[in-house]
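Taking it in order: structure first as structure tokens, then the write-up.
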Amino acid sequence: MKKSPDFASSSLKVKELSRLLGCPFEGDGGTMIHGVSSLEKAKEGDLVFLALHKFRPLLEKSRASAAIIPVEEKYDRIPVIKSKNPYLAFIKAVELFFKPYRLEPGIHPQAFVSPSAKIGKNVAVGAFSFIGDEVEIGVGTIIFPLVNIFPQVKIGKETVIHSHVSIREKVRIGNRVFIHNGAVIGSDGFGYLKAEDGSHTKIPQKGTLIIEDDVEVGANTTIDRAALGETVIKKGTKIDNLVQIAHNVEIGKNSILAAQTGIAGSTKIGKNVIMGGQVGVADHVNIGDNVTAAAKSGISKNIPSKSFVAGSPHLNIRDWRKVQVLLPQLYDLVKDIKKLKKKVEELENKIKGSSGV
Amino acid sequence: MKKSPDFASSSLKVKELSRLLGCPFEGDGGTMIHGVSSLEKAKEGDLVFLALHKFRPLLEKSRASAAIIPVEEKYDRIPVIKSKNPYLAFIKAVELFFKPYRLEPGIHPQAFVSPSAKIGKNVAVGAFSFIGDEVEIGVGTIIFPLVNIFPQVKIGKETVIHSHVSIREKVRIGNRVFIHNGAVIGSDGFGYLKAEDGSHTKIPQKGTLIIEDDVEVGANTTIDRAALGETVIKKGTKIDNLVQIAHNVEIGKNSILAAQTGIAGSTKIGKNVIMGGQVGVADHVNIGDNVTAAAKSGISKNIPSKSFVAGSPHLNIRDWRKVQVLLPQLYDLVKDIKKLKKKVEELENKIKGSSGV
Amino acid sequence: MKKSPDFASSSLKVKELSRLLGCPFEGDGGTMIHGVSSLEKAKEGDLVFLALHKFRPLLEKSRASAAIIPVEEKYDRIPVIKSKNPYLAFIKAVELFFKPYRLEPGIHPQAFVSPSAKIGKNVAVGAFSFIGDEVEIGVGTIIFPLVNIFPQVKIGKETVIHSHVSIREKVRIGNRVFIHNGAVIGSDGFGYLKAEDGSHTKIPQKGTLIIEDDVEVGANTTIDRAALGETVIKKGTKIDNLVQIAHNVEIGKNSILAAQTGIAGSTKIGKNVIMGGQVGVADHVNIGDNVTAAAKSGISKNIPSKSFVAGSPHLNIRDWRKVQVLLPQLYDLVKDIKKLKKKVEELENKIKGSSGV
């Protein structure tokens, strides 16, 4: 299993870049570009991008040899490529220079593939990876070394499963999914029935897990299978490292879950939801579409669509900010109240005195 | 290594189910049951259960072909099996229909087993698993593929070690223990001695870890060995995914730790303790028996038995709830205090005026 | 691959210990020592240490056969070794008795090592470990079983990589580094560009990760590579289990990050920083040198050097403590304010009455 031949940077002329990105250029189209960089760190031969006009002073000082700039900008110190969305064009350019490392198609002689597994064309299976009975793997999918795919798993096409991933029995994974190193996909949910003697009987976790197309799952993240039915991660959702998703959770399309967030059992999360890091959501909660939860939010109640929440237990972001401003003033508030008490007592005494009681 | 032959659902008549569960049935004992489901999602051929009388409307609408119901219920629309604990009987029924996936006994030809290891009868060792020197594995234990068992580890009988688990040297694991995928069992504790130049000398972590019978350890959870002596997880305790348990911790019997909880070094936790997700407990803390800590609690002081705590730093749950109700009112409190100040000033001025000073 | 021959405890006389530690002894130098222990748990034949004079009553009751004590202490009940830093001397003694388990040098026949990899002298590569193309591994480094080292990784000398670790392409790791089991080193950072249809385009993560000398990385911890440029962990920093370090983070020398802490992208952390467990730091934050953050701190703003912070959002530790003392008094404060309101109203009415309005 050789390294992919394009696992190295290449060199391109500005006019070639312009053609490959589908964006017009101005200036010397023959300038050679050897890599990409940020405005601040660029060296000769690098391509950079200007996202907003306000960063133009950084472009002036940059040592880059070419830049992708907004269509409305004018710049002639170095050759430029003009784009309506310079960041997106730059991302495409990055991919032209650095192909990510991938395995060549083929099954490594030190892998184990069950005779009953169906392996598509151009699939790569790395060394010491185990492909169980009746597994199906679609065209062009890459299984890195040291992966365990349990029986009856179905994986779509052009999906990447990184090293040390476990995909448990019967889990279904879509197309163009990324599962990063060490993730556990379809582990048992955490459910027990307590007996009178205090011991816990395991509730069988016989459901499964469906990961739809274009989902990304971070390193060492764990996603549990359902007790009955299915845990579901819908199309386009991106999950960071060390996230916990419990049994029977459903997450809608194009949501974002940052690192170390945890979602407890049977909770439903809408589409386009954004959760910062270390958020916790209790079980059986409903979170609407387009909700944003700040990092470290603790959520134990339903949240309507389009809300922005923070804190634990969570508050609307405006209320939460008010509280955070006032908390450090608590000490002064207490002093104020003491002073008021004293003054009121004095007033009471004076009035008593003046009224002759 | 073939898949276990009972890794598929079976079909049973109601009267056979009744006999296997040891519970009487009423209605047509010949009705065929092909699977299990929840009241809401059941289809024809499914068995369901009614835990409480109040869910009876769901049973009325359910498309299930049979139900396990409490002994005191009467129901004759479909055949029923009567149990004192319908949920527990249902769990047993689930296990009759879906055997969890297990490896067949035997050592995969692509595994490595040290010649000095003692492997019991009916043990399975999956492909690419490494069994070190002087390891002992009890009867019927299953080691899935890609597991590393370091030297001198002792594992009991009928225990399940899932793929990608590391069990470090000298750790002792009991009977009927489940270690889920990717867990790290017996890693070095985190302890350093700071030198005058700011550098840290590692304190040797030479102790070990004991996991007693019937413990379950979640996916990608980490449990550290002791510096000296032993980290101990007692019988029947269940630990969820991505939990951190530091060196020299002791956890009592039948406790429950939900996902992403972390317990710092040398802390002692009693029996029947329940911790929600993302709880943190500081080092050298004592937590009594039957304590409940709500999700995201931060605990840095001892907690007496039978307490229910929440918040960070933790409070008694009643005090914590009061604070959470009042926090969003802080803004109004501040306004109230300002008004009072003004009024008191006005009163002072009036009295001054009226007293002619 | 045999176990290391010194993976067992040895026995030493007090006078030999004294010589090996470079510390004088008093009493019977011929006393045999077979192990090490704490003052409380010591049995005959054990060596213990007395860190501070105040623990002397524990030494009086200890069954240990010898003790390391401060130079200024006098003690003659058992033989003693005198040291300016008894804890540090004890750590050295522990290492004399228990060598940690290491693999013998050599490449296991069931490992895969690319022909283009450069493997130094006395390197061990365990079974089912995969060493990719153009990898360089320095003298005396130990790669445990089931490790995946991606192409073009460079690892220094005397480094230990534990089982189930992934080290992604092009990452550079220094000398005497410890990477514990299941850690993911150099995974993709978490960055997307949102399109108008709500879908997310992955921002290529083409940078790398540098881990300098003497760093320790805990079990199942994840450290992401940079988007462009480098994520950097500087010399001597120690990172606990289940920590998340995002792309482009820089952590200074000799810092300590306890378990389950998360650092978001592009954040810079100084040297000698200490973070308790479950701390979260937002992206693009600057944290100075010698900062301490209590467990569960949530940090979203810059922190100057030498600060001690706690809470989420973080406060200076003194302010935070004041707030924590006052929070449980909120209920009483509210009652006080109500009483004051009533009294002030009464006063207002009295004054109105007395002034004849």
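Structure above, values below:
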{"read-out": "Checking B:Tyr101 against (1) part of a loop (DSSP other than H, G, I, E, B); (2) open to solvent by 50 Å² or more (accessible area, probe 1.4 Å); (3) among the hydroxyl-bearing types (Ser, Thr, Tyr), the condition it does not meet", "value": "(2)"}
{"read-out": "Some residue of the range C:253-273 being over 17 Å from B:Gly262 (Cβ atoms), in contact with a Leu (Cβ under 7 Å, 6 or more places away or on another chain) and not hydrophobic (A, V, I, L, M, F, W, C)", "value": "no"}
{"read-out": "Close pairs from the range B:71-87: first in contact (Cβ under 8 Å) with a residue 12 or more places away in the chain, partner acidic (Asp, Glu), Cβ under 6 Å, at least 6 apart", "value": "B:Pro79/B:Asp28; B:Val80/B:Glu26"}
{"read-out": "The range C:125-144, subset more than 14 Å from chain A (Cβ to nearest Cβ) and either of a type outside the set (A, V, I, L, M) or out of contact with any Gly (no Cβ under 6 Å at 6 or more places or on another chain) (or both), residue nearest to B:Gln110 (Cα to Cα)", "value": "C:Ile142"}
{"read-out": "Positions within the range A:78-105 being within 14 Å of chain C (Cβ to nearest Cβ) and farther than 18 Å from C:Gly229 by Cα, in sequence order", "value": "A:Ser83, A:Lys84, A:Asn85, A:Pro86, A:Leu88, A:Ala89, A:Arg102, A:Leu103, A:Glu104"}
{"read-out": "Residue, surrounded by the fewest Cβ atoms within 10 Å (Cβ to Cβ), within the range C:155-177, restricted to residues that are among the polar types (S, T, N, Q) and in a loop (DSSP other than H, G, I, E, B)", "value": "C:Asn175"}
{"read-out": "Positions within the range C:255-278 being surrounded by 24 or more Cβ atoms within 10 Å (Cβ to Cβ) and either in contact with a helix residue (DSSP H, G or I) (Cβ under 7 Å, 6 or more places away or on another chain) or within 10 Å of chain B (Cβ to nearest Cβ) (or both), in sequence order", "value": "C:Ser255, C:Leu257, C:Ala258, C:Ala259, C:Gln260, C:Thr261, C:Gly276, C:Gly277, C:Gln278"}
{"read-out": "C:Tyr75 surrounded by fewer than 20 Cβ atoms within 10 Å (Cβ to Cβ), away from chain A (no Cβ under 14 Å) and not in a loop (DSSP other than H, G, I, E, B)", "value": "no"}
{"read-out": "Residue in the range C:39-58 that is within 29 Å of C:Asn220 (Cα to Cα), in a loop (DSSP other than H, G, I, E, B) and under 26 Å from the mean Cα position of the chain (by Cα) present", "value": "no"}
{"read-out": "Scope the range C:246-278; condition over 22 Å from C:Ile317 (Cα atoms) and part of a strand (DSSP E or B); matching residues", "value": "C:Glu250, C:Ile251"}
{"read-out": "Count of residues meeting criterion [surrounded by fewer than 24 Cβ atoms within 10 Å (Cβ to Cβ) and either touching a residue at least 40 places away in the same chain (Cβ under 8 Å) or in contact with a helix residue (DSSP H, G or I) (Cβ under 7 Å, 6 or more places away or on another chain) (or both)] in the range A:136-151", "value": "1"}
{"read-out": "So C:Ala219, is it aliphatic (A, V, I, L, M) and more than 9 Å from chain A (Cβ to nearest Cβ)", "value": "yes"}
{"read-out": "Identity of the residue in the range B:230-245, open to solvent by less than 10 Å² (accessible area, probe 1.4 Å) and assigned to a loop (DSSP other than H, G, I, E, B), that ends up farthest from A:His164 (Cα to Cα)", "value": "B:Gly236"}
{"read-out": "Residue in the range C:29-51 that is over 23 Å from C:Phe98 (Cβ atoms) and open to solvent by 30 Å² or more (accessible area, probe 1.4 Å) present", "value": "no"}
{"read-out": "Subset of the range A:302-335 (residues that are more than 7 Å from every other protein chain (Cβ to nearest Cβ) and either in contact with a Phe, Trp or Tyr (Cβ under 6 Å, 6 or more places away or on another chain) or open to solvent by less than 50 Å² (accessible area, probe 1.4 Å) (or both))", "value": "A:Ile303, A:Ser307, A:Val309, A:Ala310, A:Gly311, A:His314, A:Ile317"}
{"read-out": "Failed condition for A:Gly198, given (1) at pLDDT 95 or above; (2) on the phi > 0 side of the Ramachandran plot", "value": "(1)"}
{"read-out": "Considering residues of the range A:279-290 that are open to solvent by less than 30 Å² (accessible area, probe 1.4 Å) and within 14 Å of chain C (Cβ to nearest Cβ) only, the residue farthest from C:Leu193 (Cα to Cα)", "value": "A:Gly280"}
{"read-out": "Boolean, B:Ser312 is touching a strand residue (DSSP E or B) at 6+ places or on another chain (Cβ under 7 Å) and either within 30 Å of A:Ile351 (Cα to Cα) or in a loop (DSSP other than H, G, I, E, B) (or both)", "value": "yes"}
{"read-out": "Test result for B:Val344, of a type in the set (Val, Ile, Thr), open to solvent by 20 Å² or more (accessible area, probe 1.4 Å) and either not in a loop (DSSP other than H, G, I, E, B) or not assigned by TED's automatic domain parsing to the domain that holds B:Gln244 (or both)", "value": "no"}
{"read-out": "Residue list for the range A:22-47, filter: within 14 Å of chain C (Cβ to nearest Cβ) and without any contact (Cβ under 8 Å) to a residue 24 or more places away in the chain", "value": "A:Ser38, A:Glu40, A:Lys41, A:Ala42, A:Lys43, A:Asp46"}
{"read-out": "C:Ala295 vs. criteria out of contact with any helix residue (DSSP H, G or I) (no Cβ under 9 Å at 6 or more places or on another chain) and surrounded by 21 or more Cβ atoms within 10 Å (Cβ to Cβ)", "value": "yes"}
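Here's the yes/no breakdown for (1) in contact with a strand residue (DSSP E or B) (Cβ under 6 Å, 6 or more places away or on another chain); (2) within 19 Å of A:Gly276 (Cβ to Cβ); (3) in the same structural domain as C:Lys253 (by TED's automatic domain parsing); (4) of a type in the set (Asp, Glu):
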position	(1), (2), (3), (4)
C:Phe190	no, yes, yes, no
C:Leu193	yes, yes, yes, no
C:Asp197	no, no, yes, yes
C:Thr208	yes, no, yes, no
C:Asp213	no, no, yes, yes
C:Val217	yes, no, yes, no
C:Thr222	yes, yes, yes, no
C:Arg225	yes, no, yes, no
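Yes/no per residue for (1) within 13 Å of chain C (Cβ to nearest Cβ); (2) of a type in the set (Phe, Trp, Tyr); (3) open to solvent by 10 Å² or more (accessible area, probe 1.4 Å):
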{"residue": "A:Val153", "(1), (2), (3)": "no, no, no"}
{"residue": "A:Ile179", "(1), (2), (3)": "yes, no, no"}
{"residue": "A:Ile185", "(1), (2), (3)": "no, no, no"}
{"residue": "A:Gly189", "(1), (2), (3)": "no, no, no"}
{"residue": "A:Ile210", "(1), (2), (3)": "no, no, yes"}
{"residue": "A:Leu228", "(1), (2), (3)": "no, no, yes"}
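The values are calculated or read from the model by the stated rules, or taken from the named source; none is laboratory data. Bear in mind that the values here come from a model prediction, so they are computed numbers and not experimental data. Heads up, the Cβs are rebuilt from the backbone with ideal geometry, glycines too, and the neighbour counts pull from every protein chain shown. Only protein heavy atoms, including side chains, enter the accessible area calculation; ligands, DNA and RNA are left aside. Shrake-Rupley method; radii C 1.70, N 1.55, O 1.52, S 1.80 Å.
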